[in-house]
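A short worksheet on the structure shown next.
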Amino acid sequence: MTQRTRSTGAERTDIDLALFGALGDLSQRKLFPALYQLDREGLLHDDTRVLGLARQDISATDFRDRVEAALKTRVKADELDAKVVKRFLARLSFVTVDFTAADGYSAIREWREGAKGSRPLVVYLAVGASLYGDICRHLQGSGSLDEQSRVVVEKPIGYDLESSKSINDAVGDVFPESRVYRIDHYLGKETVQNLIALRFANPLFGTQWNQNHISHVEITVAEKVGIEGRWGYFDNAGQLRDMVQNHLLQLVCLIAMDPPANLDADAIRDEKVKVLKALKPFTDDMLGRDVVRGQYTAGTTDGAGVPGYLDEEGANTQSHTETFVAMKTEVSNWRWAGVPFYLRTGKRMPEKLSQIVIHFRQQPHYIFDPDQRSLAANKLIIRLQPEEGIRLEVLTKDSGLDKGMRLRRGPLHLDFNSAFPKARIPDAYERLLLEVMKGQQYLFVRRDEVEHAWQWCDALIGAWEDRDEPPRRYPAGSWGPVASIAMITQDGRSWYEDY
Ligand code: BG6
């Protein structure tokens, strides 16, 4: 059932959303605020309803109170509209369910029976992946699903290739792939989608986007925060599984993929899979040279002292888990052969910063001041956060009579916040929830993507385990172990720091 939106005339699809883990961190911090924003923007159908499911025994009124409190904390005051909050809360119901026991699931079927007309059920599993199989089976057993039902699952999908296969099998026994939406929230970020527009709508970049014109690519995803009370989860994962296997590899895919034939989900995802298959595996001799694992020690964040990873609450003081990883990898195909991709990501870095830097090659023949030679290459900087923007660094003549033909590096700069001051940049989850409602899968990760990404990471993790070396230390509030700087300087390059 569809309806025109209040503001844009676009179509809104009517769905019922069953949200498992409705009192959890993800739901309270991200999903309810995102749903509220969709409602505020007029993008939720009037009849759309949300059923919260959690193990805690609370009343529907207490549940709505909690959601309201979450909105008050998470949504900016000037975006909280009392009328919309009221309308939004009225969409919510709640049931207490033991996710592993079949008997509680009849509540979902009964809730569905109260729906107006026939509309798809979207099941959002904001719970640990170990529960996905049970929940899907019980949903099916209780007769709550039909041919239109969709499921949304969150990362991490498993711990390695084998565990991800068994999770995907369990979900796949109930939902066909065309109705499975695997979230990687980086794909919902505005600038990440802009990468697709930038690459495939601008012939200027389209023709230059290969090893003839690009010398190397850098991706930095730095976080200021530490483990944030998630030591138990994080210590079993580490930064490679937590960030590289999904977010960074998805960015690599979008940068490196060939143009898809169209914007259909499978056309895009087929191209991404080709990139994952072409990722160069790490050999033993590359491990010492091209990969750096780090773990933060005590240091400072925003001027205040913070504990080291091994001193965090609940820590196993012998842990070798990495909180930082830097690596040099390559996409071994015609387009990218010989172009290093330098990736780095870590917790407790000096700032929250996610950016991609495309370094173009220098001119084949250089005619300006020899001492300015290092300036002489264009860079395209794609900033995901904190502020979204795209900047192309170009060289122009420095102005002034005394400057002769001295060069100056300057930006052609598109800062989304100042270029489109009225446009609110939506949170990644708003975009992703909207796409699920519309039944569009192009921003979601297909099963084979997850599995190829695991395959590549598993080989690296296996090699680390064989070596059993402790990670290198770096003080909280620094840019990671010194070795990660040496890793790139050994190639005569440096991490881009100038924005
Ligand atoms: C999550 C990781 O997927 O991404 C977290 O599990 C990490 O450890 C988070 O903090 C980072 O997301 P963002 O959008 O803040 O860069």
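The values are calculated or read from the model by the stated rules, or taken from the named source; none is laboratory data. Keep in mind the model is a prediction, meaning the values are calculated, not measured. In this analysis, Cβ positions are derived from the backbone assuming ideal geometry, glycine residues included, and neighbour counts consider all displayed protein chains. Heavy atoms of the whole protein, side chains included, go into the accessibility calculation; ligands, DNA and RNA do not. Shrake-Rupley method; radii C 1.70, N 1.55, O 1.52, S 1.80 Å.
Accessible area ranking (1.4 Å probe, heavy atoms, ligands and nucleic acids excluded), largest first, for LYS277, LYS328: LYS277, LYS328.
Taking all protein chains into account, the per residue accessible area for the chain stands at 44 Å² (1.4 Å probe). The listed residues SER59, SER478 rank as SER59, SER478 when sorted by accessible area, largest first, using a 1.4 Å probe.
Of the solvent-accessible surface of the chain, computed with a 1.4 Å probe over protein heavy atoms with every protein chain present, carbon and sulfur atoms account for 50 percent.
Taking the Cα centroid of segment 77-107 and of segment 122-176, what is the distance between the two, rounded to the nearest whole Å? What the calculation gives is 21 Å, centre to centre. Each part gets one Cα centre, and for segment 12-34 versus segment 248-288 those centres are 30 Å apart.
One quarter of the convex hull surface built on the alpha carbon atoms of the chain amounts to 26.0 nm², the projected area averaged over directions. Per-residue Karplus couplings for segment 278-295, computed as 6.51 cos²θ - 1.76 cosθ + 1.60 with θ equal to phi - 60°, are listed in order as 8, 5, 5, x, 7, 9, 4, 5, 6, 4, x, 9, 10, 9, 10, 9, x, 9 Hz, Gly and Pro entered as x.
With axes computed from alpha carbons, what is the tilt in degrees of helix 132-141 against the longest principal axis of the chain, rounded to the nearest 10 within 0 to 90? In the chain, helix 132-141 runs at an angle near 30 degrees to the longest axis.
Near the amide H of ARG406, within less than 5 Å, lie the amide hydrogens of ASP398, all on another chain or at least 5 residues away, with H placed in the peptide plane.
Taking all protein chains as they are arranged and a probe of 1.4 Å, the heavy atoms of PHE420 leave approximately 110 Å² accessible to solvent. Note on THR297 and ALA459: with the Förster distance fixed at 25 Å, the Cβ-Cβ geometry gives a FRET efficiency of about 0.30. Amide hydrogen proximity for THR48: with H placed 1.01 Å from N in the peptide plane, the residues at 5 or more positions away or on another chain lying under 5 Å are ILE15. For the residue pairs LYS165/LYS438; LYS155/LYS272; LYS86/LYS189, the alpha carbons lie more than 22 Å apart in LYS165/LYS438; LYS86/LYS189. Judged by the ratio a/c of the largest to the smallest principal axis of the C-alpha gyration tensor, segment 318-448 counts as prolate, that ratio being 1.5 or greater while a/b is larger than b/c. Rounded to the nearest 5, the antiparallel percentage of DSSP beta bridges internal to the chain is 60%. Only the Cβ atoms of Lys and Arg (+1) and of Asp and Glu (-1) were treated as charged; on that basis the dipole of segment 399-499 about its Cα centre amounts to roughly 740 debye.
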